[in-house]
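So the structure is just underneath, and the comments pick up after that.
Readers should treat all values here as calculations from the given coordinates under stated rules, not as data from a laboratory. The structure displayed is predicted, hence computed values, not measured ones. FYI the Cβ positions are ideal-geometry reconstructions off the backbone, even for glycines, and counts take in every protein chain you see.
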Amino acid sequence: MALLAPADQEQLREAFSEMTAPVRLLFFTQTIDCEPCVQTRQILDELPALSDRIAIEEVNFVLDKDKAAQYAVDRVPAIAVLGQNGSGETTEDSRIRFLGTPSGYEFISLVQAIRLVGGAGSTLTDDNRRRIAAVDKPVTMQVFTTPT
Amino acid sequence: MAVEATEFPDLARRYRVTGVPKTVVNDAVEILGGLPQDDFVSQALAQFLAAPGEPEEQPER
């Protein structure tokens, strides 16, 4: 059952059409005791149909501890956004993560993150790009949101 | 990292999330609400820039 209305699907298809590179979403999930994981899976299932450049890969958080550690994922549902590396594989870690169900406003943020990693839609000014490039320490930004 | 605050109340408590969006940078800088891009970059990253000739503005706490 589609969660998105046809008009929304059309709008998203257009938004994703500006992407120039493929994006892979690593979806960390578990089968037991995680209702938000089920909702997240339903939301993510909508995306590949809207763009050839979007792929979803499910990772079992309980069984695949190595991968969870590799991507610094310590709870679920979590999504790691991967872009294209030099060889054209979608294994380049953008280091963008989504923790929790990407519904409501979070869905818009996810769409934007996919577009960015896929090479579309950055609104960063050249000036700010230079300032950010001058960061010389590891920076972790956590943005807390709610769906409404 | 985007964190859904209602699904992870422990994280919301740990970072004293009283409203959204709330941005926490390296557990050291807290920004509540949205800001214009220039201000956001200044406040979020001031502490983490390589020391230039002139000091960066300190983020408001």
Response to the item:
Rounded to one decimal in nm, the spacing of the 7 Å Cα→Cβ label points at A:A134 and A:Q9 is 4.8
Response to the item:
Answer in debye to the nearest 20: the dipole magnitude of the stretch A:46-124 about its Cα centre, from +1 Lys/Arg and -1 Asp/Glu charges placed on Cβ, is 240
Item to complete: Would you compute, from DSSP H runs of 4+ residues alone, the mean residue ellipticity of the protein assembly as shown at 222 nm, taking -39500 (n - 2.57) per run and dividing by the full residue count, rounded to the nearest 500?
Response: -9000 deg cm²/dmol
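Among B:L11, B:L35, which comes first, second and so on when ranked by fewest other beta-carbon atoms within 10 Å?
Lowest to highest Cβ neighbour count: B:L35, B:L11.
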Worksheet item: Compactness ratio of the stretch A:77-124: Cα Rg over 2.2 N^0.38 Å, N = residue count?
Response: 1.18
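What is the mean number of Cβ atoms from other protein chains located within 10 Å of the Cβ atom of each residue in peptide A:118-129, rounded to a whole number? Could you put the intermediate results ahead of the total?
Working: counts 0, 0, 0, 0, 0, 1, 2, 3, 0, 3, 6, 1.
Taking all residues of A:118-129 together, the mean is 1.
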Practice prompt. Shielding by partners for A:131-142, please: the mean number of other protein chain Cβ atoms within 10 Å of each residue's Cβ.
Written response: 6
Worksheet, complete the sentence: For the protein assembly as shown, percent of DSSP beta bridges that are antiparallel (nearest 5) comes out at 60
Discussion item. Test of understanding: in a Gaussian network model of chain A with alpha carbons linked when under 10 Å, which of A:L116, A:L124, A:L44 would top the mean-square fluctuation ranking?
Written reply: A:L124
Worksheet item: In vacuo Debye scattering of chain A, one point per C-alpha: log10 I(q)/I(0) at q = 0.19 Å⁻¹?
Response: -1.30
Worksheet item: Of A:L50, A:V73, A:A15, which is farthest along the charge dipole of chain A in the positive direction, counting Lys and Arg as +1 and Asp and Glu as -1 at C-beta?
Response: A:V73
